[in-house]
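Here is the structure we will look at, set down as structure tokens.
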Amino acid sequence: MKKDFLSILDLTQEEALELLDFSLKVKKGKVNDRVLEGKVVALIFEKPSLRTRVTFERAVYDLGGKPIYLSNNDIKLGQRESVRDVSRNLEKWVDGIVARVFSHATLIEMSKNVKIPVINALSDLEHPCQIVGDFLTMMEKSGKTKINLAFIGDGNNVANSIMLMTALLGGKFTIACPEGYEPEKNLYLAAQELAEKTGAQIKIIRDPKEAVIDADFIYTDVWASMGQEEEAEKRRQVFKTYKVDSALLKLAPSHVGVLHCLPAHRGEEITDEVLDGPHSIVLDQAENRLHSEKAIIIKLFRRMY
Ligand code: CP
Ligand code: NVA
């Protein structure tokens, strides 16, 4: 693996498959690694978090290290001090950085200025750690890494990372989204380029019903991501027909699994009935964040230490 994990594009197909297998071994208790013994990892969060913060804190602790949580209020990244200065100071005291940021450019700036690993805990462009955990979940449920997934809703950070991972592993990704809310253009082009090599199919369509017809998995996420609060009302109108409800589920194959990265806005992009129903695998996803993040940390840090 590269020094950092900022994007699914940091992985080759071979590395992605190896990371998923390794995550499963970690989950089964077959890996006894204390790669972070005596080490400290800074967790910088410009935005709120439950799952990502707790799983990274727990992962660092279980691997022998100590996490230091730094909220935006503590360091005011880019306001009190530039990203470059914060990173170069941190490098003097800690052995790695996990960062959740508004702008992906912040991660690139951090990565450029330090020799220690930097891990993307969500940016406006991608949520790669989420997606490694989600592919572990889908691999466990289906026995496959070439999955057929329908994404319903906004072409956001989560959608971008799923699209790239599906392209890398040769599956089928269909997003049903309103016009103007497609995945990020450059990442879509990168996914198409990967797809030419792996045989993946990457499609953007408008109709959720058409998207789910042959899907093994349906994924959805909030209509307005963190940082888009001012657009929330407008988005409620734009996305109102992009809802994963029982009627939509009836059109999908009976074995379909439903994913959501959480937190969910119940009653908006997904109904209670589906989120809490028999097809939902959202808590398996949440659990797998811990195992896959340990695998990511071990792979990155073993390379360096
Ligand atoms: N799915 C996810 O990243 O959750 P948090 O925002 O709570 O970390
Ligand atoms: N797309 C969401 C994901 C939260 C885990 C956001 O960026 O807020």
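Here GLU287, GLU210, GLU273 are screened, and the one residue that is open to solvent by 20 Å² or more (accessible area, probe 1.4 Å) and free of Cβ contacts under 8 Å to residues at least 12 places away in the same chain is GLU287. Considering LYS240, LYS250, the condition of being within 20 Å of ASP207 (Cβ to Cβ), more than 16 Å from ligand 1 (Cβ to nearest atom), open to solvent by 30 Å² or more (accessible area, probe 1.4 Å) and in a loop (DSSP other than H, G, I, E, B) is satisfied by LYS240 alone.
Residues that are within 14 Å of ALA42 (Cβ to Cβ), within 16 Å of ligand 2 (Cβ to nearest atom) and either of a type in the set (S, T, N, Q) or assigned to a loop (DSSP other than H, G, I, E, B) (or both) within region 78-105 comprise just one, VAL101. Assess whether GLY170 counts as being at positive phi and more than 15 Å from ligand 1 (Cβ to nearest atom). So GLY170 passes the test. For region 112-131, the set of residues classified as farther than 13 Å from LYS47 by Cβ, surrounded by 22 or more Cβ atoms within 10 Å (Cβ to Cβ) and not aliphatic (A, V, I, L, M) consists of PRO117, GLU126, PRO128, CYS129, GLN130, listed by residue number. In region 138-145 there is no residue matching the filter, namely being in a loop (DSSP other than H, G, I, E, B), open to solvent by less than 10 Å² (accessible area, probe 1.4 Å) and in contact (Cβ under 8 Å) with a residue 12 or more places away in the chain. The one condition from (1) within 16 Å of ligand 1 (Cβ to nearest atom); (2) out of contact with any helix residue (DSSP H, G or I) (no Cβ under 6 Å at 6 or more places or on another chain); (3) over 18 Å from SER142 (Cα atoms) that ALA224 does not meet is (2). When the residues of region 68-77 are filtered to those that are open to solvent by less than 50 Å² (accessible area, probe 1.4 Å) and assigned to a helix (DSSP H, G or I), the one that is modelled with the highest pLDDT is ILE75. Applying a threshold of 6 Å to beta carbon distances and a minimum spacing of six or more residues, or different chains, the list of pairs starting in region 39-50 at a residue that is open to solvent by less than 10 Å² (accessible area, probe 1.4 Å) and ending at one that is more than 11 Å from ligand 2 (Cβ to nearest atom) and not aliphatic (A, V, I, L, M) reads VAL41/GLY65; VAL41/PRO67; VAL41/GLY96; LEU43/PHE56; LEU43/PRO67; LEU43/TYR69; PHE45/SER71. In region 1-58, the qualifying residues are those that are part of a helix (DSSP H, G or I), aliphatic (A, V, I, L, M) and away from ligand 1 (no atom under 13 Å from the Cβ), and the one that is nearest to the chain's Cα centre (by Cα) is ILE8.
Among the numbered conditions (1) more than 27 Å from SER103 (Cα to Cα); (2) assigned to a strand (DSSP E or B); (3) basic (Lys, Arg), tell me where LYS209 comes up short. For LYS209, the exception is condition (2). Number of residues in region 92-105 that are within 22 Å of GLU184 (Cα to Cα) and free of Cβ contacts under 8 Å to residues at least 40 places away in the same chain: the value is 2. When PHE173 is tested against the conditions (1) open to solvent by less than 10 Å² (accessible area, probe 1.4 Å); (2) out of contact with any strand residue (DSSP E or B) (no Cβ under 7 Å at 6 or more places or on another chain); (3) closer than 16 Å to PHE151 by Cα, the lone failure is (2). Among the residues here, THR174 qualifies as more than 18 Å from SER292 (Cα to Cα), over 15 Å from the mean Cα position of the chain (by Cα) and not in a helix (DSSP H, G or I). Of the residues making up region 177-209, those that are in contact with a Gly (Cβ under 7 Å, 6 or more places away or on another chain) and within 21 Å of LEU17 (Cβ to Cβ) are THR198, GLY199, ALA200.
Name the residues in region 253-281 that are over 18 Å from GLU126 (Cβ atoms), touching a Ser or Thr at 6+ places or on another chain (Cβ under 9 Å) and within 16 Å of ligand 1 (Cβ to nearest atom), would you? VAL258, ALA264, GLU269, ILE270, ILE281, listed by residue number. Report whether or not ALA191 is open to solvent by less than 30 Å² (accessible area, probe 1.4 Å), touching a strand residue (DSSP E or B) at 6+ places or on another chain (Cβ under 9 Å) and free of Cβ contacts under 8 Å to residues at least 40 places away in the same chain. Yes.
The values are calculated or read from the model by the stated rules, or taken from the named source; none is laboratory data. The model shown is predicted, which means the values in this text are computed figures rather than measured ones. All Cβ positions, even for glycine, are placed from backbone atoms using ideal geometry, and neighbour counts span all protein chains on display. What goes into the accessible areas is simple: the full protein's heavy atoms, side chains included, and nothing from ligands, DNA or RNA. Shrake-Rupley method; radii C 1.70, N 1.55, O 1.52, S 1.80 Å.
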